Amino acid sequence: MSNEKHKDTEPATASIFDKFDLPFESPVRPAQLGLDDTIQFRCHKDIACFNACCKNIDLTLTPYDILRMARSLNIPTWEFMLKYTMPFEIDAHGLPGVKMRPVEGGSACQFVREEGCSIYGDRPTACRYYAMGTMELRRKDSSKLEQIYFMVKEPHCLGHQEPRTLTVREYRKEQEVEIYDEMNRDWMDIIIKKKSAGPAVGAPSERSLQLFSMLYDLDSFRLFTQSPGFQAMFDLDAETRTKLEEDDLELLRFGTRFIKQVLFGEHTIPYKEGARERRLQERREAIKHRQEEVARMYDTDEDA
Ligand code: SF4
Ligand code: SF4
């Protein structure tokens, strides 16, 4: 996922991705790197291409990216979504994705300044990794997710010519990506599962797609977990409720569990006794009520 900071990605030649179920189409076919492989790369303020990669962006954001940037700007996630993002569809079923919205009428990131990134400490995953890319993938013959790394060599990026070598492990540490990878993993797992489940899962309902999109807007999701309907349906103890109110990371972890329950039936959040039956009954009564309304309207038309 994190190979897309810049639009003009140059296709490479090796084809490691042929062994994997890719979550979405990628034009990149680079060589796979392990944690102890050595790379040659350095990005710094005095390099001639400084900021070039932030001036023509194509940045997919994860729920954790959005959370970090919204907190950094001290605004709610829904406001961040409105001002700084645009939606796209990850797959043919319309699974919602979010990209960074560039400046009005241009292609530069809204956060790039002469002196560099104005939200550097909370920049998104793709920006941290670049010019390295990474993906969580599942081999075609395995159920286990594997994180792979590769270098994205684009002509405008001179960092590859800098005389500094380090391992992938050292580069990840320098860019502080561990927490990002940890918090992105479940979101990525949902996307990969959804893709590899194919017809077994089928097209998700409009409602479940709406719920999935709430993962990107955690402040709205928090309100949703506090709504009377949610509280009546799920059996959450006081400690869990407090964590969801106060702890963003716990809320995101809970959110991905909730979506896995909705989309794949992975039952980890307990229902209140009789809650599902009550909801079914309420839905049946609502449908009956609507049908009676329609029948009454027809009766009135015929009498007129
Ligand atoms: S968030 Fe920062 S690093 Fe990422 S594209 Fe924008 S300005 Fe560049
Ligand atoms: S070296 Fe590469 S990553 Fe660094 S500013 Fe230049 S284009 Fe961007």
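The values are calculated or read from the model by the stated rules, or taken from the named source; none is laboratory data. This structure is a prediction, so every number in the text was calculated from the model and none was measured. Glycine also receives a Cβ, built like all others from the backbone with ideal geometry; neighbour counts cover every protein chain displayed.
Data table
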read-out: Single match in Gly94, Gly105 (criterion: part of a loop (DSSP other than H, G, I, E, B), away from ligand 1 (no atom under 16 Å from the Cβ), at pLDDT 95 or above and on the phi > 0 side of the Ramachandran plot); value: Gly105
read-out: Within the stretch 147-172, considering residues that are part of a helix (DSSP H, G or I) and over 22 Å from the mean Cα position of the chain (by Cα), the one surrounded by the most Cβ atoms within 10 Å (Cβ to Cβ); value: Tyr171
read-out: In the stretch 148-187, the residues that are touching a strand residue (DSSP E or B) at 6+ places or on another chain (Cβ under 9 Å) and farther than 24 Å from Asp46 by Cα; value: Ile148, Tyr149, Phe150, Asp181, Asn184, Arg185
read-out: Some residue of the stretch 180-193 being over 17 Å from the mean Cα position of the chain (by Cα) and either surrounded by 13 or more Cβ atoms within 10 Å (Cβ to Cβ) or at pLDDT 85 or above (or both); value: no
read-out: Tally of residues being within 16 Å of ligand 1 (Cβ to nearest atom) and farther than 28 Å from Lys193 by Cβ across the stretch 141-157; value: 3
read-out: Matching residues, the stretch 57-91, being away from ligand 2 (no atom under 16 Å from the Cβ), in a loop (DSSP other than H, G, I, E, B) and in contact (Cβ under 8 Å) with a residue 40 or more places away in the chain; value: Thr62, Pro76, Ile90, Asp91
read-out: Residue match in the stretch 31-41 (condition: of a type outside the set (A, V, I, L, M), modelled with pLDDT of 95 or more and within 16 Å of ligand 2 (Cβ to nearest atom)); value: yes
